[in-house]
Structures are given as C-alpha cells and as structure tokens.
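Take a look at the structure below.
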Amino acid sequence: MSAGTQASVGRPLRVLLASSEVHPYSKTGGLADMTGALGRALARMGHRVGIVKPLFRGVRERFPGLRRVDWRFDLPLGDRRVDAELWVHEPERGLAVYFIGHDGYFNRAGLYNENGRDYADNAERFIFFSKCVVHLARYLPWRPELVHVHDWQTALVALMVQHERRWGGWSDAPRTCLTIHNLAYQGYFPGWTYGLTNLPWSYFHPECAEAYGQLNCLKAGIATADRLTTVSPRYAREILTEEFGEGLAWLLRRRQAHLRGILNGVDYEEWNTEHNPHLPASYSVQDLSGKAVVKRALLREAGLPEEEAVPLFGTVTRLAEQKGLDILLPALHEMLAARMRFVLLGSGDARYVEALERLRERYPGKVAIRIGFDPGLAHRIEAGCDFYLMPSRFEPCGLNQMYSLRYGTVPIVRAVGGLDDTVVDARESVERANGIKFHEYSAAALAHAIRKALVLYGHPALLHRYRVNGMQVDFSWVRTAGAYEEVYREALASPPVAWGG
Ligand code: ADP
C-alpha cells in the first residue's frame, strides 16, 4: 500500500481500533476493507496500532501465526460472569491484531446471521465484545490513548469508556472516536438487554442509549464519543437531514461540531490491475489490451457467449434494499432487450435472489447470476466488465465504484453519498468525466443512464478517455489515514466530551 511512504509529522500516537470485521480476517462488506487498511496505513505512518475483533470461525486455520496470549477476560454480563481468551496476530511492524476468543459467541457459521436470520443473541454477543474492548484498552501495557470504534457493534464502547472515566477510577481513559459506516444499522434490541451492559440505567434515556423503549447501541455511541466520523463528506451532510438521518438526524445535528466526513481510501496493494492473482491478465493505463482478456475469461466463467464486442454490465453487491435492487431489476428488464449483457455476484435477501432468477430465465445467454461470497470473482467482475452498476438508494461511501474506476470499468451511479463524491459525470467536467451519474431514485432514471452508457460504448475514443480518467484518480490511503490522524490529534488536544447521562 502506498501509505507506507508517508510518515506522520507529530509524535507517534497509540491507537486501538475496534471492529467486528477486519480484512483479511473476516468480512461481509466495506467495513472490513476500511478497518484493515486504516490499521495498516496508521502503523506504516509510525503510529502504535492495535486492532481488536472477535475470533470468528476459521480465522485460526487460515492464519497459523495467531498465538494465544496469557490473558483471560472474566467480565460481568448482567448477573453472570463470562470469560474469554485473547489471541494476537502481528502481520507487520507496529500493528497487533487482537482476537477475542469465545466459542459460544463467535465460533459460528455466520458473523451476524445464518440462513437469513439474525442470531437471537446478537445484543449479548456484541455487548460482551464491547466490554472486552474496554477492558483491553484499560489494561494493555502500551496504554492506547485513543480508541476508534466502528458501527453499532462497538459503539457502546464510547459510553462505557466515558462512564469509567467519570465513575470508574479511570481518569486518564482514552478519547474515543466513532465511525458511522452505515447509519441504517443501529443495533436495536429489546430494552432488557441494556441490563447486560451493567451500566447505570440513568443512561437508558432517549438522548443516549434508549429509543422507543429499546436499546439503540449506535445512538449511545453518537451521544458519547469524543469524535464522530462518517465515510464520505457528502454522507456527513446527508445524515443531518430527515431523509437520510434514520431517526437520528436531531442527535447528529447536535453533535455536528464533532462530526466529520472522511472519504475511505482504496488499498491499491490489493485492488490493482498489474499484480493481481485474481485476474487472468494484467493491464494498465499505458496498455489496456489485457482488459479484453479479462472480459473474455469472465464471460467464459459466467457461462455467457464469448462475444467481446457486446457491452458487459456488472455488479458485486449485498442483496439489500440499500443497494437499489428495486430499481435495478425493472431497469434491466427494460434494457436487456438491447445489445448488452449483465453479470451479478451477490448474497442477501431471498426475495432478490428469486427476482434475479426470473431475470435470468427471461434473458438466457444475456444474464449471469452468482449467489455467494467470492472475492476472486469480485475482482474479475470489477475488471472484466465495461460498466459497473451502483444505483444505491443511499451510500455512505461505497468502495466498489472506486475499485471499478481503478479497473477502467466505467461506474454508473446514483448521485448520493460517497458515490457523488467519487465519480465525475460529464455534466460536472467534460475533461475529467469518468462515470455516469443519475439523480432520481427510479428505474426510468437508471434505464436512461444505461442508455447513455450504450451510446458511450459506441464511441471507443471517448470510452477510452473515461477509462483512463478513472484509472488515474488516486484514492490511496495516505490522504484518508492523514485525515484520521488529524481527528485523533484534535480529540487528544481537547477535553473529553461529557454527554449522555
Ligand atoms: P457495503 O459495505 O455497503 O456492502 P461497499 O461497496 O462499501 O458496500 O463494500 C463492499 C465490499 O464487499 C467490496 O469489497 C465488495 O467487493 C465486497 N463484496 C460485497 N459482496 C460480495 C460478494 N458477494 N462476494 C465478494 N465480495 C463482495
């Protein structure tokens, strides 16, 4: 990763990141990509970095370097005590990844759900995990000065740290930063589960951990973290509005002075077209010919006719409402009569899987659907397609459109959140255009954008310029990690926030 070249300017910081997902250990989406890359980038800047995550199934087998540490957690959880093991992996200098081992909670087939059903004890699992994070932050010999938590799974850490600072004899407790990767997932659970935190009930009110009688983990974090960030500048503005605020716009507006949008970076060590074990050929801005080889291989892999001249559209996505499948499916039903093909890799809601099957049946030889999670195929779709579709209803940052830009695959995106921040439409700049944007959340607007893509495909010189423009955009982690460093330093230079109870 290019982040290795940039050293930090001030004194090295001691930062503990906490997340349920961290690439390359466990991943369901962009959260994992971000936390894994941020940890490495900060370490390469010279900071002391730890990342803590649950020890999910299969990690020990895939990473034989993991070793058990002589440390046992024995923590209260409501009226019980629960113990856990600590494992550590040191993938590179300055970076330690800590794993909380508890077979009952984490040695399962899924991270959060199985066969489409959330685990019934998710509150218990992640309250316990949050407690382990706080315990680690307090007793690690290298004494982290800032704990950076991510999404609802670890948001309660901010409240727990604040509580221990004020009432638990931990006067030099670290500052906290909460990154909201997706406001739509708040960690809502029945009110009684709050008792598992062992925190005073005085925090269980609508300005902190409670919402409509239920526990809301993310809200507690938003109320109490010293700093808040989201994963793109536009999403940081959007979540202050009722349309995108998911019921928390009022609280976010109140915390606006401490909220900042920082665009995620791309790990170009992993997402590149020149040294990529997942791709059958390499290519670059100077010589794009290998892209056609990847396209042919992808068509073969997908079971589609190897007609290179037909434009190929693709997407890799969670099959969730957020990702715009409700407009994508009707738009494709309309557009696939034209000379084009479509390939999708995804997993998620059964209703979308069925709808995609119907699309395939209606357009045999034109549509390929792969249900599952397949990182190698994700790379080949990003690289082998001509156009990448991302018609999200909302999109906090979105990584796939940035990957597709680097792969010379023109993104077609709805102009929301990070999609708007990262893609340039011809209406914004004719010289720098690298994608196609549409605004209205409708199948008609998306179909119109696909029609524009077909026109673009008919003008090879222009298409080439879009591709080259996209491949030259730089979203490397140097800038992103530098912005987080700034937020950390600012938090450390200010008194702790005292909110929420
Ligand atoms: P989100 O985090 O909302 O799912 P992002 O675009 O930020 O969306 O990140 C998605 C990440 O997950 C990308 O790295 C993408 O390639 C990957 N991904 C999503 N679905 C799959 C899948 N079915 N197989 C492989 N990778 C996937």
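The values are calculated or read from the model by the stated rules, or taken from the named source; none is laboratory data. Predicted model only: the values in this text are computed from it and were never measured. Positions of Cβ are generated from backbone atoms using ideal geometry, with glycine treated the same way; all protein chains shown enter the neighbour counts. Please note that ligands, DNA and RNA were not included when accessible areas were found on the heavy atoms of the full protein model with its side chains. Shrake-Rupley method; radii C 1.70, N 1.55, O 1.52, S 1.80 Å.
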*Applying the selection to segment 75-119, what residues are small (Gly, Ala, Ser) and surrounded by 13 or more Cβ atoms within 10 Å (Cβ to Cβ)?*
Gly78, Ala84, Gly94, Ala96, Gly101, Gly110
_Residue check for Arg72: charged (D, E, K, R) and open to solvent by 60 Å² or more (accessible area, probe 1.4 Å)_ = yes
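Yes/no matrix, rows are residues, columns are (1) more than 17 Å from Ala155 (Cβ to Cβ); (2) touching a Lys or Arg at 6+ places or on another chain (Cβ under 9 Å):
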residue: Arg255; (1), (2): no, no
residue: Gly265; (1), (2): yes, yes
residue: Asn276; (1), (2): yes, no
residue: Ser284; (1), (2): yes, no
_helices (runs of 4 or more DSSP H) fully within segment 168-268 counting 3 or more residues that are free of Cβ contacts under 8 Å to residues at least 40 places away in the same chain and surrounded by fewer than 24 Cβ atoms within 10 Å (Cβ to Cβ)_ = 249-254
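Residue-wise test of (1) among the aliphatic types (A, V, I, L, M); (2) within 22 Å of Ala37 (Cα to Cα).
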| residue | (1), (2) |
| --- | --- |
| Ile127 | yes, no |
| Glu164 | no, no |
| Ala220 | yes, no |
| Pro233 | no, yes |
*Being in a loop (DSSP other than H, G, I, E, B) and open to solvent by less than 30 Å² (accessible area, probe 1.4 Å), is that true of even one residue in segment 443-465?*
no
*Residues in segment 487-500: is at least one farther than 30 Å from Val9 by Cβ and buried (at least 16 other Cβ atoms within 10 Å of the Cβ)?*
yes
_What are the pairs with Cβ atoms under 9 angstrom where one residue, in segment 305-321, is under 14 Å from Asp374 (Cβ atoms) and among the charged types (D, E, K, R) and the other, located anywhere, is open to solvent by 10 Å² or more (accessible area, probe 1.4 Å) and away from the ligand (no atom under 12 Å from the Cβ)? Sequence gap at least six, or different chains._
Arg318/Asp349
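Quick grid of which residues meet (1) within 16 Å of the ligand (Cβ to nearest atom); (2) assigned to a strand (DSSP E or B); (3) in contact with a Leu (Cβ under 8 Å, 6 or more places away or on another chain); (4) farther than 27 Å from Asp118 by Cβ:
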residue	(1), (2), (3), (4)
Pro24	yes, no, no, no
Thr35	yes, no, yes, no
Asp74	no, yes, no, yes
Arg81	no, yes, yes, no
Glu90	no, yes, no, yes
*Show the residue pairs that are 6+ apart or on different chains and have beta-carbon atoms under 8 Å apart, the first residue being within segment 333-357 and farther than 22 Å from Asn400 by Cβ, the second being of a type outside the set (D, E, K, R) and within 16 Å of the ligand (Cβ to nearest atom).*
Ala350/Gly116; Glu357/Ile369
*Would you pick out the residues in segment 71-116 that are within 25 Å of Arg40 (Cα to Cα) and out of contact with any strand residue (DSSP E or B) (no Cβ under 7 Å at 6 or more places or on another chain)?*
Glu92, Arg93
*Can you run down the residue pairs with Cβ atoms below 9 Å, 6 or more apart or on separate chains, where the first is in segment 367-388 and without any contact (Cβ under 8 Å) to a residue 40 or more places away in the chain and of a type in the set (D, E, K, R) and the partner is open to solvent by less than 10 Å² (accessible area, probe 1.4 Å) and not in a loop (DSSP other than H, G, I, E, B)?*
Asp374/Leu345
*Tell me, which residue of segment 358-378 that is more than 8 Å from the ligand (Cβ to nearest atom), assigned to a helix (DSSP H, G or I) and open to solvent by less than 50 Å² (accessible area, probe 1.4 Å) is nearest to Val343 (Cα to Cα)?*
Leu359
*Quick one: Ala302 ticks every box in (1) open to solvent by 20 Å² or more (accessible area, probe 1.4 Å); (2) of a type in the set (Gly, Ala, Ser); (3) within 15 Å of the ligand (Cβ to nearest atom); (4) in contact with a helix residue (DSSP H, G or I) (Cβ under 8 Å, 6 or more places away or on another chain) except a single one, so which number is it?*
(4)
*Mind checking which residues of segment 369-384 are within 18 Å of Leu329 (Cβ to Cβ) and not β-branched (Val, Ile, Thr)?*
Arg370
*Selection from segment 399-419 of residues that are more than 14 Å from the ligand (Cβ to nearest atom), under 16 Å from Leu263 (Cβ atoms) and of a type outside the set (A, V, I, L, M)*: none
*asked:* Given the condition within 14 Å of the ligand (Cβ to nearest atom) and among the hydrophobic types (A, V, I, L, M, F, W, C), answer yes or no: does some residue in segment 8-21 qualify?
replied: no
_I need a count of the residues in segment 117-151 that are of a type outside the set (D, E, K, R) and part of a helix (DSSP H, G or I)._
14
_Given the condition at pLDDT 95 or above, of a type in the set (D, E, K, R), near the ligand (Cβ under 9 Å from one of its atoms) and crowded, with 21+ Cβ neighbours inside 10 Å, answer yes or no: does some residue in segment 309-332 qualify?_
yes
*Are any of the residues in segment 35-58 surrounded by fewer than 18 Cβ atoms within 10 Å (Cβ to Cβ) and at negative phi?*
yes
